[in-house]
1. For the stretch 29-84, compute Rh as the Kirkwood radius over C-alpha pairs and then the Stokes-Einstein diffusion coefficient at 10 °C and 1.306 mPa s; write the answer in µm²/s, rounded to an integer.
2. Tell me, what is the per residue accessible area of the chain in Å², probe radius 1.4 Å?
3. At a Förster radius of 51 Å, what calculated FRET efficiency corresponds to the Cβ-Cβ distance of Asp211 and Ser62, to the nearest 0.05?
4. Apply 1/(1 + (r/R0)^6) to the Cβ-Cβ distance of Leu99 and Asn177, taking R0 = 30 Å, and write down the FRET efficiency to the nearest 0.05.
5. On a 28 Å Cα-Cα criterion, which of the cross-link pairs Lys49/Lys166; Lys44/Lys70; Lys87/Lys133 come out too long?
6. Quick one: Cα centre-to-centre distance for the stretch 194-233 and the stretch 149-163, in angstrom?
7. Can you give the Rg to Rh ratio of the stretch 88-245, both from alpha-carbon atoms, with Rh computed by the Kirkwood formula?
8. Which of Ser148, Val205, Thr97 sits farthest toward the positive end of the charge dipole of the stretch 71-218, with +1 on the Cβ of Lys and Arg and -1 on the Cβ of Asp and Glu?
Amino acid sequence: MRGNHHRLFKLALLALIGMGFGIVAHQTTAQADTYVKESSMTPKTYVRKSSAGAMYNLSISSTTVSFSSKTHYLKNYASTTWEATKKLYDKKSNGSTYLYYYITNKSGTVSGWIWHGYLKAGATYATLYGYAKKELGKPYSYGGNGPSSFDCSGLTKYVYAKAADKTLPRTAQSQYNTYSHVSSSKLEKGDLAFFGGSTSSITHVGIYIGDGMMLDAQDYGVITEAIHVSWWHVVGYARPTTLVQ
């Protein structure tokens, strides 16, 4: 009798475990799923929502989609901004349809398909700063939008477009007017610092990079310099988007 009870307990435990695996929304199997639809999408940036996510290579035919083994793991990319350029609707054997994105890191070295629930919209400060520092040493030119030369708002517009697929207004004044203002005590790296005679007379903008410093385009070109100096009068700060720090 004791042996039968033990065997029944093991069978019940295995059944519970099987049910647990069945509720994982992104679970894939070796068999091909029914192909639903693949299409391109307007590029959009994402960061990881869960470190448990993984990417796959897919084999897509006219009617089916097959998953390879996992190729990359989000746990290894805490500071990475991903850009989604394609989407796929995949019908599983249980009848449910799931959305996958084809994502690539901004440097173009890692890519694959991933269940959309592992991602959230956004970008990382590391990515933003990486694009900004590439422009150091470029010359200043009034109206310069890059990539060979910049004025102050041309630089911020260029960097945010590259790093976060975010289209900023063209002038420093309009950038200040458009986005949520933040106090100096709440300032985060990647926020914009604005300068001028007043909040309605803004003449300059730079990207805050921490420790009282900013990266900006001014008469000496694209440089890093202190925010609080005699030749700049800070009038406020704004946050175009919340960055993962």
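1. Approximately 122 µm²/s, per Stokes-Einstein.
2. 53
3. Details: r = 56 Å, r/R0 = 1.10.
So the FRET efficiency works out to roughly 0.35.
4. Computed FRET efficiency for Leu99 and Asn177: 0.25.
5. Among Lys49/Lys166; Lys44/Lys70; Lys87/Lys133, the Cα-Cα distance tops 28 Å for Lys87/Lys133.
6. What the calculation gives is 14 Å, centre to centre.
7. Details: Rg = 18.3 Å, Rh = 16.9 Å.
Computed over Cα atoms, the ratio is 1.08.
8. The residue sitting most towards the positive pole is Thr97.
The values are calculated or read from the model by the stated rules, or taken from the named source; none is laboratory data. Quick caveat, the model's predicted, so the values are computed rather than measured. Please note: Cβ atoms are built from the backbone with ideal geometry, for glycine as well, and neighbour counts cover all protein chains shown. The accessibility values were calculated without ligands, DNA or RNA, using every heavy atom of the protein model including side chains. Shrake-Rupley method; radii C 1.70, N 1.55, O 1.52, S 1.80 Å.
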